[in-house]
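*Asks:* Would you mind keeping the following structure in view while I ask a few things?
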Amino acid sequence: MTGTDSATATDAGTTVLERLAAHRLVPVVVLDDAKDADGLGAALVGGGLPVAEVTFRTAAAADAIRALRDRGDVLVGAGTVLTPQQVDAAVAAGASYVVSPGTSRAVVERCHEHGVLALPGAVTATEVQAALELGVTTVKFFPAGTSGGAKAIAALAAPFGDLRFVPTGGIGPANLEEFLALPSVAAVGGSWMVPRDLVRAGDLEAVRGLVADAVALATDLRPTV
């Protein structure tokens, strides 16, 4: 990748991150059938949160990403990405960002080659430094609930002042505030507003309601200027 290409990729990733940060929430979606993707997209948009992280935990992931991308009104990314090959599949399907549970040099470098935002997982100072050495500016803090929660993020933010976090795992309406209150948190990922069973059952009106509730809560928690 040339210097110009690298700068372009960085700019693209920054723009995506800014969009995620503006919404403050990232629904973490597990889709068992790609045919459910379009309806889910409508529920997300209708609830005021046109964002989705579709996890590569099912065989339907790539097709689901493609269906959401084709809508044109959802910022869609790929989650649980473990290999460079999955990065290729995610980007080919239209993912604008790639999320991993841990930090893999091969995955991050492949994301850079494609010019998409990489959000690798990191919960320790050693993992954070490894991510920083790969040119990462924002990490997924996962699993947040069992890795020290908001207090751990606040502690890591002290020595790594320019780093931003997207905590995911064990977060819901009851503890959302403590994470969104941290200046170092760009956005919070979670599945509580997109339950797998409701999506699978086709109860998308219920999903839309949960999404709207989550958006309202995040709005209420937005710091006043």
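*Asks:* For the chain, take the convex hull of the Cα atoms, compute a quarter of its surface area, and give me that in nm², please. If you can, show how the numbers build up before the last one.
*Replies:* Numbers: hull surface 46.4 nm².
Averaging across all directions leaves 11.6 nm² for the Cα convex hull.
*Asks:* Pop out the Kirkwood hydrodynamic radius of the stretch 90-148 from its pairwise C-alpha distances, inverse of mean 1/r, in Å to one decimal. Write down the numbers at each step before the final one.
*Replies:* On the way: mean 1/r = 0.0864 Å⁻¹.
Taking the inverse mean of 1/r over all distinct Cα pairs, the stretch 90-148 comes out at 11.6 Å.
*Asks:* Can you pull out the chymotrypsin sites (Phe, Trp or Tyr not before Pro) in the stretch 85-186 that DSSP calls coil and that have at most 11 other Cβ atoms within 10 Å?
*Replies:* Values: sites: Tyr97, Phe141, Phe160, Phe165, Phe179; in loops: Phe160.
Listed in order of number, the matching sites amount to none.
*Asks:* Further, regarding this structure: How high is the relative contact order of the chain, given as a whole-number percent (alpha carbon pairs under 8 Å, six or more residues apart)?
*Replies:* Values: 432 pairs, mean separation 49.9, N = 225.
Relative contact order, the chain: 22 percent.
*Asks:* Same structure, new question: Where the accessible area of the stretch 151-194 is counted over protein heavy atoms with a 1.4 Å probe, how much of it, in %, is carbon and sulfur?
*Replies:* Values: 1030 of 1860 Å².
Ligands and nucleic acids excluded, carbon and sulfur reach 56 percent.
*Asks:* Still on this structure: Full-extension gain between Lys35 and Arg105, please, as 0.36 nm times their residue separation minus the C-alpha to C-alpha distance. Please report the intermediate quantities before stating the final value.
*Replies:* Values: separation 70, 0.36 × 70 = 25.20 nm, distance 3.32 nm.
Gain in length upon complete extension: 21.9 nm.
*Asks:* So with the 1.4 Å probe, I'd like the accessible area per residue for the stretch 53-148, rounded to whole Å². Present the calculation step by step, with values, prior to reporting the outcome.
*Replies:* Working: 3720 Å² over 96 residues.
Result: 39 Å² of accessible area for each residue.
*Asks:* Give me the log10 of I(q) over I(0) for the stretch 101-201 at q = 0.10, 0.11, 0.16, 0.17 Å⁻¹, as the Debye formula computes it from C-alpha points; what are the numbers?
*Replies:* Here the Debye-derived log intensity ratios amount to -0.28, -0.34, -0.68, -0.75.
The values are calculated or read from the model by the stated rules, or taken from the named source; none is laboratory data. This structure is a prediction, so every number in the text was calculated from the model and none was measured. No Cβ is skipped: glycine too gets one built from the backbone with ideal geometry, and neighbour counts run over all protein chains shown. Surface areas here come from the heavy atoms of the whole protein model, side chains and all, with no ligands, DNA or RNA. Shrake-Rupley method; radii C 1.70, N 1.55, O 1.52, S 1.80 Å.
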